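In what follows, a single structure is set out as structure tokens and then discussed.
The values are calculated or read from the model by the stated rules, or taken from the named source; none is laboratory data. Keep in mind the model is a prediction, meaning the values are calculated, not measured. Glycine gets a Cβ as well: all are built from the backbone with ideal geometry, and neighbour counts include every protein chain shown. Heads up: the accessible areas ignore ligands, DNA and RNA and are worked out on the full protein's heavy atoms, side chains in. Shrake-Rupley method; radii C 1.70, N 1.55, O 1.52, S 1.80 Å.
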Amino acid sequence: MDMNLLVALDALLTENSVTAAAERLHTSAPTMSRTLARLRRILDDPLLVRAGRDLVPTPRALELRGEVRAVTERARALFAPAPAADPASIVRTFDLQISDLFATTVMAQLITDVRTQAPGITLRFRPDTLEDTPALREGLVDLEVGVLGRADPEIRDEALVTESLVGVVRATHPLVSGRAVTARRFAAADHVAVSRRGRPRGPIDEVLADLGLHRRVTAVVPTYAASLFLARETDVVCVAPATTGRETLDVLGLRTFALPFELPPLVLGMAWHPRNDRDRTHGWLRERVRHVFTERA
């Protein structure tokens, strides 16, 4: 059965005229006559028969009229563009993976933003253990937000802001006593490194090595939040984004200083699987994430 035959049958049974049905479907009368002949063979019924100058439906045609109309309307609705997302009426749960770097800043603002406009949406934040796994591909995560890195080749991503890193210490730390923070003074201080895998070395150590310097890492913690609390309570140095993390740094009473060397900037963005490209609600959520990041920039 050709689906187009249903559309033609609907037009014929509505108009009771080959010519009018042809005009309705923007085709020729001969083409519609051939279509009627095909329908008669398939349904084993004349459907429309001559009554003087007009055509009248057979009993079988009358039986089919309502059902054919309902089927064609459902088919048209199936292929129609999806309706625009109405945040206020959406009831849905999204799984998000947000880097610990933003757990105390962007996460809270995003929850507030979404709750205000779409109270039926629940944001479920997945653990850091899903990082470096095909979570987006496997559907475990709907949206990943953080430092853009390598991902599966089909994954879509969008850069949101570019951040620079600053040094972070407590207010009484000797590095912010008034003297300029040089690379040598920086390296001589005690440091806390952030690594879920317990690695004490990173890009900072590579830069210092190029300068002939070496820093002492006294602790390795799995999250940025832990490093900030350590910096508040002890004389250790950690690093944080200059803009995105500003609110948390102020709340903790921490001081920042410009790093005495160049580090590659952090590109912060979001990533998602192409299955969600055309999902209107997912697109709305991406727009809200975009808004939260650009508002903080």
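Going through the range 189-198 one residue at a time, which ones are farther than 30 Å from L285 by Cα and surrounded by 12 or more Cβ atoms within 10 Å (Cβ to Cβ)? If the condition is that a residue be farther than 30 Å from L285 by Cα and surrounded by 12 or more Cβ atoms within 10 Å (Cβ to Cβ), then A189, D190, H191, V192, A193 are the ones that fit. The residue of the range 237-254 that is least open to solvent (accessible area, probe 1.4 Å), among those that are assigned to a loop (DSSP other than H, G, I, E, B) and hydroxyl-bearing (S, T, Y), is T244. If you scan the range 170-187, which residues turn out to be within 12 Å of D235 (Cβ to Cβ) and open to solvent by less than 80 Å² (accessible area, probe 1.4 Å)? Those that are within 12 Å of D235 (Cβ to Cβ) and open to solvent by less than 80 Å² (accessible area, probe 1.4 Å): R170, A171, H173, P174, L175, V176. Of all residues in the range 1-13, count the ones that are touching a residue at least 40 places away in the same chain (Cβ under 8 Å) and either open to solvent by 60 Å² or more (accessible area, probe 1.4 Å) or part of a loop (DSSP other than H, G, I, E, B) (or both). Residues meeting the conditions: 2. Right, F257: part of a strand (DSSP E or B), aromatic (F, W, Y), more than 17 Å from D157 (Cα to Cα) and modelled with pLDDT of 90 or more or not? The answer is yes for F257. Residue pairs whose Cβ atoms lie under 8 Å apart, separated by 6 or more positions or on different chains, with the first residue in the range 159-188 and farther than 30 Å from E287 by Cα and the second open to solvent by 60 Å² or more (accessible area, probe 1.4 Å) and in a helix (DSSP H, G or I), are R170/R232; R170/E233.
Name the single residue that is farthest from D10 (Cα to Cα) among those in the range 25-84 being part of a loop (DSSP other than H, G, I, E, B) and open to solvent by 80 Å² or more (accessible area, probe 1.4 Å).
Taking the range 25-84 as the starting set, the residues that turn out to be part of a loop (DSSP other than H, G, I, E, B) are 25-28, 44-47, 52-53, 58, 80-84.
From what's left, open to solvent by 80 Å² or more (accessible area, probe 1.4 Å): 26, 44, 53, 81, 83-84.
Details: H26: 14, D44: 17, R53: 21, P81: 22, P83: 25, A84: 29 Å.
The selected residue is A84.
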